[in-house]
Amino acid sequence: MAGIRALLLLVAALLATPPAAVNAATLAEICKGTAFPDICTSTVGPEAASNPVLDPMAVLRMQVDAFNQRTEAARAHVKEAALTASPKARTVLDLCNNLYLDVEDNLGACRRAIGFKDAVTIRATMGMAAQDMQNCDEQFRQIGEPNPMEQFDASLVEMSENCRSLSNMI
């Protein structure tokens, strides 16, 4: 009798727990397995709260969406930074913008690979995206000027690492 009562209390507690709280705990558990758990939870947290199914595949999809949004923000920042940049830096910013376009292409390929649960392609596209960010940084090192895209590049590399980690979970 006590066992049945405990089971009923557990079921009642689970039913009373809001889905957002369950999803937050699930998200934290999934993101714990990534290279940058804080970035994982903060970039997909709002979307995860309303997602009915939360598993590594769903978190990966959300992370790729967040990655794309961050890439778009980086491209917008390129345009701002170019307004006050030196001629050499403007040339490099143009290259970086092209690299961000490549990243967006890679994210498209990654989305298709997610549909097929193709973890190898996901990891490859994320590796290419990370390389693009590093190429942008390297160009600024070569001209000896500070990189106005450094924070974007660093966060995008971290997001690509998280996507690679998540691909290992599918």
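A few points about this structure:
- Within the stretch 34-168, the percentage of alpha carbon pairs spaced more than 22 angstrom apart rounds to 37%.
- Karplus-derived 3J(HN,Hα), 6.51/-1.76/1.60, for each residue of the stretch 144-152, Hz, glycine and proline x: x, 10, x, 8, x, 9, 4, 5, 5
- Taking the accessible area of the stretch 53-120, probe 1.4 Å, and keeping the other protein chains in place, the carbon and sulfur fraction comes to 54%.
- Degrees, to the nearest 10: 87-115 long Cα axis against longest axis of the chain: 30
- Taking the longest Cα principal axis of the chain as reference, the axis of helix 19-31 is set at about 50 degrees.
- Acute angle (nearest 10 degrees) that the helix 37-49 long axis makes with the longest principal axis of the chain, alpha-carbon atoms: 60
- On a per residue basis, the stretch 55-117 carries 50 Å² of accessible surface, using protein heavy atoms and a 1.4 Å probe.
- 15 Å cut-off, amide nitrogen to a point 7 angstrom out along Glu80 Cα→Cβ, residues in the stretch 130-167: 148-153
- Potential lengthening between Leu95 and Ile143 on full extension [0.36 nm per residue; Cα-Cα distance subtracted]: 16.0 nm
- Remark on the chain: Cys110, Cys163 stand apart, with no other cysteine beta carbon under 4.7 Å.
- Annotation: peptides 66-73, 129-136, 51-58, ranked by per-residue average of other Cβ atoms within 10 Å with the highest first, follow the order 129-136, 66-73, 51-58.
- Between Ala154 and Lys88, residue separation times 0.36 nm minus the direct Cα-Cα distance comes to 21.6 nm.
- For the peptides 155-166, 88-99, residues were scored by their other Cβ atoms within 10 Å and the scores averaged per peptide; the highest-first order is 155-166, 88-99.
- 30 Å Cα-Cα reach of Lys79 towards lysines, excluding residues that sit fewer than 8 places from it in its own chain: Lys88
- Among Ile122, Ile143, Ile114, residue whose mean-square fluctuation peaks in a GNM of the chain (springs only between Cα atoms under 10 Å): Ile143
The values are calculated or read from the model by the stated rules, or taken from the named source; none is laboratory data. None of these values were measured; they are calculated from a predicted model. FYI the Cβ positions are ideal-geometry reconstructions off the backbone, even for glycines, and counts take in every protein chain you see. Areas reflect the complete protein model, heavy atoms only, side chains present, ligands, DNA and RNA absent. Shrake-Rupley method; radii C 1.70, N 1.55, O 1.52, S 1.80 Å.
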